[in-house]
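S.K.: The structure that follows is given in the form of structure tokens.
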Amino acid sequence: MRLANKGGIFTIASVAFLVSFGAGASDAKFKPFSDETCSSYNSYLPASTTAEDKKAINDLTGHLALSSSLRYLLGKDSIITDMKISFGETPFFTKLDAIKKKLEVAQVDYLRGYLSYNESLNKEVMQKYLSKESEYTNFTTRKSICSIQALSKSPDTSNVEMIEKFINALALVEDAKFGNFQIKRESCKVSKSVGTSNSYSEPEHWADSQFVVIDARFKNLDSEGRLPSEGSLIIKTSDGRELRYDTTETVMQRGYGIYFKSVNPLVTMPTKIVYRIPTDISGEVLWEPGGNKGKKKLWCTFILPKV
């Protein structure tokens, strides 16, 4: 199957790649590239390609390899699933399957957010170098798929081990001791409103702002009453900045905020903590509860870039 493309031929392999990233061409089926094709894909590089284009395509190739692997681990559409069918069992697939079996619920939740966030960040680059209209599609497709094919057929599993180390290093904690309190993050959501179902209880609406609502539980581990502290919300943006939000919103409804309320020994206080953030922001969201000398953080969620 071949589809017309301004830059040459848009192959079935390109379609298979795009399907695994939600492009919707459901009739596509992957067929491995031959060794001959993989040894000659540089001939498809357009003459107009700049050094900047080459670097961007190399970075995209790495992104596609990682995302394809993560999609496979999460049970999503992935070209790696098709490669396993084509190539049979290899050390690469054996290692990936072993990692998949050991994934914990918190790791799955994180990886889903991480995958969606990174795919969103790369959409513009995907469009430029791997769309039907792109003159780079034939080269990018061959380079990316041949790279993943080589990894999947190689006895060297070091690249999969890097993914395993990344997952194991996440150390995702939803429940930890902070000072005198055992604090558990039940959930974390981002929305245009807090969701009190009462317009009089909702914080004032400001243009270009939204809310992060953290549902948490504070258990006092001390032998006397202690005052918990909301702490700070932290957003790590894609450009490397770390933004700290120290002010919480006042929500005039039971079950929100702390309001200088002491918690008795061994009693658990459930509450929702609300932070106001801009709407034009994206990145990884973390929560750093107060009374926390070690600056430990609980992972919240990812905010995707606006389309």
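S.K.: So, in segment 57-107, of the ones that are within 14 Å of GLN149 (Cα to Cα), assigned to a helix (DSSP H, G or I) and of a type in the set (D, E, K, R), which residue ends up modelled with the lowest pLDDT?
M.R.: Initial filter on segment 57-107 (within 14 Å of GLN149 (Cα to Cα)): 61-62, 64-66, 68-69, 78-93.
If we keep only those that are assigned to a helix (DSSP H, G or I) too, we end up with 61-62, 64-66, 68-69, 79-87, 91-93.
Applying the additional criterion that residues be of a type in the set (D, E, K, R) yields 82, 84.
Working: ASP82: 89, LYS84: 93.
My answer is ASP82.
S.K.: Right, next: Of the numbered conditions (1) under 23 Å from LYS143 (Cβ atoms); (2) in contact with a helix residue (DSSP H, G or I) (Cβ under 7 Å, 6 or more places away or on another chain), SER86 fails exactly one; give the number of that condition.
M.R.: (2)
S.K.: So for segment 31-51 (the condition being modelled with pLDDT under 85 and under 30 Å from the mean Cα position of the chain (by Cα)), does at least one residue qualify?
M.R.: So far as segment 31-51 goes, yes, one or more of its residues are modelled with pLDDT under 85 and under 30 Å from the mean Cα position of the chain (by Cα).
S.K.: Let me ask something else about it. Looking only at segment 110-122, count how many residues are out of contact with any Pro (no Cβ under 7 Å at 6 or more places or on another chain) and either outside the structural domain of HIS63 (by TED's automatic domain parsing) or touching a residue at least 60 places away in the same chain (Cβ under 8 Å) (or both).
M.R.: 7
S.K.: Hey, another quick one. Working carefully through the options VAL125, VAL105, find the one that is in contact with a helix residue (DSSP H, G or I) (Cβ under 8 Å, 6 or more places away or on another chain), in the same structural domain as ILE145 (by TED's automatic domain parsing) and surrounded by fewer than 18 Cβ atoms within 10 Å (Cβ to Cβ).
M.R.: VAL125
S.K.: Filter segment 250-307 down to residues that are of a type in the set (Phe, Trp, Tyr), under 27 Å from SER197 (Cβ atoms) and crowded, with 16+ Cβ neighbours inside 10 Å, then give me how many there are.
M.R.: Number of matching residues: 4.
A quick yes/no check of all residues on (1) of a type in the set (A, V, I, L, M); (2) part of a helix (DSSP H, G or I); (3) assigned by TED's automatic domain parsing to the domain that holds ASN58:
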site	(1), (2), (3)
LYS132	no, no, yes
SER147	no, yes, yes
SER152	no, yes, yes
PRO155	no, no, yes
VAL160	yes, yes, yes
GLU164	no, yes, yes
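S.K.: Now for a separate question. I want to confirm something. Restricting to segment 189-214 and keeping residues that are of a type in the set (Val, Ile, Thr) and part of a loop (DSSP other than H, G, I, E, B), which single residue is surrounded by the fewest Cβ atoms within 10 Å (Cβ to Cβ)?
M.R.: Residue satisfying both the conditions and the ranking: THR196.
The values are calculated or read from the model by the stated rules, or taken from the named source; none is laboratory data. What you see is a predicted model, and the numbers here were worked out from it, not measured in a lab. Virtual Cβ from ideal backbone geometry, glycine too; neighbours counted across all protein chains shown.
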